[in-house]
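Pasting a structure below so you can have a look.
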Amino acid sequence: KEEREEIAHGLELSNANFIWVLRFPVGDSIALEEALPEGFLERVKERGIVVDGWAPQAKILEHPSTGGFLSHCGWGSVTESMYFGVPLLALPMFYDQFLQARLAEDIGVGIEILRGENGQTNREEVAKAIKMVALENEVGELLREKARELSNKLRGGG
């Protein structure tokens, strides 16, 4: 719950357009309005969409206006991000996700969202990472260029 709220506030602080897919554990029946900070959906309705459950991840990633992909860095998400040439905003949570986040950073196609000393997600760091990757700036351009180059190689284009 705390991590979800920090991500929500980070999205809001970033002022970036977004699609956020939220999935709750099987059996949990939580309305989006209850799961998110009070008033969040109203405040971001002009620039953000929050999807409850499932969304066509590959279709979203292949869209030319997708500037970044905030992911827990499961292998499927990492490979799809690389295949479609979309930079990763890595927020690993368990097991091999930390290694995959480091891989994305090491090859220059992603950045890891820094956590606080207590290991918790921090809204300011989420917003900072989104701005670095998805908005127009030197770091974002470099990440998008590297991601496109890798995508071309993966698709057999050299």
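Of all residues in the stretch 132-158, which are among the charged types (D, E, K, R) and either open to solvent by less than 90 Å² (accessible area, probe 1.4 Å) or without any contact (Cβ under 8 Å) to a residue 60 or more places away in the chain (or both)?
Correct list: 136, 138, 141, 144, 145, 146, 149, 153.
Now for a different question. Scan the stretch 119-131 for residues that are open to solvent by 60 Å² or more (accessible area, probe 1.4 Å) and either at pLDDT 95 or above or outside any loop (DSSP other than H, G, I, E, B) (or both) and jot them down. Show your work before the answer.
Quick first cut of the stretch 119-131, residues open to solvent by 60 Å² or more (accessible area, probe 1.4 Å) only: 120, 123-124, 128, 131.
Passing the criteria: 123, 124, 128, 131.
While we're here: Going by what's in this entry, would residue 48 be described as of a type outside the set (D, E, K, R), within 30 Å of residue 141 (Cβ to Cβ) and in contact with a Phe, Trp or Tyr (Cβ under 7 Å, 6 or more places away or on another chain)?
When the stated conditions are applied, residue 48 passes them.
Further question on the same structure: Looking at the structure I just gave you, is residue 49 β-branched (Val, Ile, Thr) and surrounded by fewer than 18 Cβ atoms within 10 Å (Cβ to Cβ)?
Considered against the rule, which asks whether it is β-branched (Val, Ile, Thr) and surrounded by fewer than 18 Cβ atoms within 10 Å (Cβ to Cβ), residue 49 comes out as yes.
Among the residues of the stretch 71-78, are any under 12 Å from residue 150 (Cβ atoms) and either among the acidic types (Asp, Glu) or at pLDDT 95 or above (or both)?
Kept after step one, since they are under 12 Å from residue 150 (Cβ atoms), are these residues of the stretch 71-78: 78.
From what is left, the residues that are either among the acidic types (Asp, Glu) or at pLDDT 95 or above (or both) are 78.
Yes: the stretch 71-78 contains one or more residues that are under 12 Å from residue 150 (Cβ atoms) and either among the acidic types (Asp, Glu) or at pLDDT 95 or above (or both).
Collect the residues in the stretch 98-118 that are touching a strand residue (DSSP E or B) at 6+ places or on another chain (Cβ under 7 Å) and either open to solvent by 90 Å² or more (accessible area, probe 1.4 Å) or in a loop (DSSP other than H, G, I, E, B) (or both), keeping them in residue-number order.
109, 113
The values are calculated or read from the model by the stated rules, or taken from the named source; none is laboratory data. Predicted, not measured: the structure shown is a model, and the values here were computed from it. All Cβ positions, glycine included, derive from the backbone under ideal geometry; neighbour counts span all protein chains shown. Side chains included, ligands, DNA and RNA excluded: accessible areas come from the protein's heavy atoms. Shrake-Rupley method; radii C 1.70, N 1.55, O 1.52, S 1.80 Å.
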